[in-house]
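Have a look at the structure below before the remarks.
The values are calculated or read from the model by the stated rules, or taken from the named source; none is laboratory data. It should be emphasised that the depicted structure is a prediction, and the values quoted were computed from it without experimental measurement. No Cβ is skipped: glycine too gets one built from the backbone with ideal geometry, and neighbour counts run over all protein chains shown.
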Amino acid sequence: MRVIAGALKGRRLLTPRGATTRPTADQVRIALMDTLTPWLPDARVLDIFAGAGGVGLEALSRGAAHATFVERDARAVAVLRRNIAALGVEAQARVLAMDSARALDGLGARRERFEIVFLDPPYESDLGPATVERVAHHRLAAAGGVVIAQHFTKRAAVLVELDALTPFRARRFGETTLTFFRARE
């Protein structure tokens, strides 16, 4: 896996061994970043279920100011930290090595806000809708910001209507779909 574009273009990223993480495919990352172009300059990014950090690191390469990575798997966290160090972006990155619910509750308690929130939970889990709902509940997306849920095409990104987030686009890539939400002003 490599950084696709921006200041870090072409730099290699390590990925954890085994089946505990599923890196976002290049085609999906390209489409995601193309859609996020208006939000990327100087953005604060929250990458939930970050794995090796491909999405957050790509955002930093393309002009985001800071990325917070949430990942609980110890092997993935170790690789993520190595990727951050190898790219020299330690000052722009924070790793929360913990369960996503606990991390989001803590960020919400501190009233942190992000222009871009990306989540890519394990496809076999039911964490997608619950995570989107938790992001909305804590209003972690800044007003006018965007939340993107990557999910298995046959599963919805969210199961209820949310006051804080409005869906505005879905992009399908075979069995993977990106559902985009805009945070209400």
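Per-residue answers, yes or no, for (1) of a type outside the set (Asp, Glu); (2) in contact (Cβ under 8 Å) with a residue 60 or more places away in the chain:
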| position | (1), (2) |
| --- | --- |
| Arg94 | yes, no |
| Ala103 | yes, no |
| Gly106 | yes, no |
| Ala109 | yes, no |
| Arg113 | yes, yes |
| Ile116 | yes, yes |
| Pro121 | yes, yes |
| Glu133 | no, no |
Q | Checking Glu90 against (1) farther than 23 Å from Arg12 by Cα; (2) of a type outside the set (A, V, I, L, M, F, W, C); (3) modelled with pLDDT of 95 or more, the condition it does not meet | A | (1)
Q. For Leu80, all conditions in the list (1) closer than 16 Å to Ala5 by Cα; (2) within 14 Å of the chain's Cα centre (by Cα); (3) without any contact (Cβ under 8 Å) to a residue 60 or more places away in the chain hold save one; what is the number of the exception?
A. (1)
Q. Do you know which residues across the range 119-149 are buried (at least 23 other Cβ atoms within 10 Å of the Cβ), among the polar types (S, T, N, Q) and assigned to a loop (DSSP other than H, G, I, E, B)?
A. none
